[in-house]
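All remarks here apply to the structure that follows.
The values are calculated or read from the model by the stated rules, or taken from the named source; none is laboratory data. Computed from a predicted model, the values in this text were never measured in an experiment. Here the Cβ positions follow ideal geometry from the backbone for every residue, glycine too, while neighbour counts run over all protein chains shown. SASA here: full protein model, heavy atoms, side chains in, ligands and nucleic acids out. Shrake-Rupley method; radii C 1.70, N 1.55, O 1.52, S 1.80 Å.
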Amino acid sequence: MTDLAAAVIETLARRGWTLGVAESLTGGAVIAELVSVPGASSVVLGGVVAYATPIKHTLLGVDESLLGREGPVHPEVARQMARGVRRAVGVDGVDASVGVATTGIAGPVSPDGQPVGTVHIAVATPERVEAGSFLFPGDRNRIRSASVRAALEMLREMSRE
């Protein structure tokens, strides 16, 4: 996955874009992959691990009524997390150019009836915001690993010129 993370860093750097990362089920694994790349500091501003649902609202600005109505595992929650992390990691009043967010259910059980392996990933760029919905098979570690890879792939695709 290091090559994929390096491609993301290279693409973002070439565009002059900075990055904020908001993670729930991945618990910091996305940003860990990114900062393992030499030179990542030219792009990665920071991240928020919003594992508890209220943190999605208080730190990332996810609409509280959306969280109450849909719960934390929803594509619109991922979109709002991706937009919100851009502000959360902003420096000197300047938001990050890009935000990426992960939210989902890694198991072993589902707290709300959605299938284990349900994951929503969103990327917000200066040009657009998109979310992808996935159902990854496997145990907790495989679901989290697949989520990291999918987040990096979405970042790479949405950052291309």
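Counting only protein heavy atoms and using a 1.4 Å probe, what share of the accessible area of the stretch 1-125 belongs to carbon plus sulfur, as a whole percent? Looking at the stretch 1-125 in its full context, I get 54 percent from C and S.
When +1 charges are put on Lys and Arg Cβ atoms and -1 charges on Asp and Glu Cβ atoms, the dipole computed for the chain relative to its Cα centre reaches about 80 debye.
In the frame of its principal axes, the stretch 1-92 has Cα extents of 41, 30, 17 Å, reported largest first. About the centre of its Cα atoms, the stretch 62-140 shows a dipole size close to 80 debye [charges on the beta carbon of Lys, Arg (+1) and Asp, Glu (-1) only; nearest 20 debye].
Where does the Debye-calculated log10 I(q)/I(0) of the chain sit at q = 0.18 Å⁻¹, using only Cα point scatterers of equal weight, no solvent? With one equal scatterer per Cα and no solvent, log10 I(q)/I(0) is -1.01.
Residues ILE9, ILE31, ordered by accessible area of protein heavy atoms at a 1.4 angstrom probe radius and largest first, appear as ILE31, ILE9.
Accessible surface ranking for ARG14, ARG144, 1.4 angstrom probe, highest first: ARG14, ARG144. Annotation: ASP112 carries an accessible surface of approximately 80 Å², with a 1.4 Å probe and no ligand, DNA or RNA atoms counted. Of the peptides 35-46, 98-109, the order by per-residue mean of other Cβ atoms within 10 Å, starting with the highest, comes out as 98-109, 35-46.
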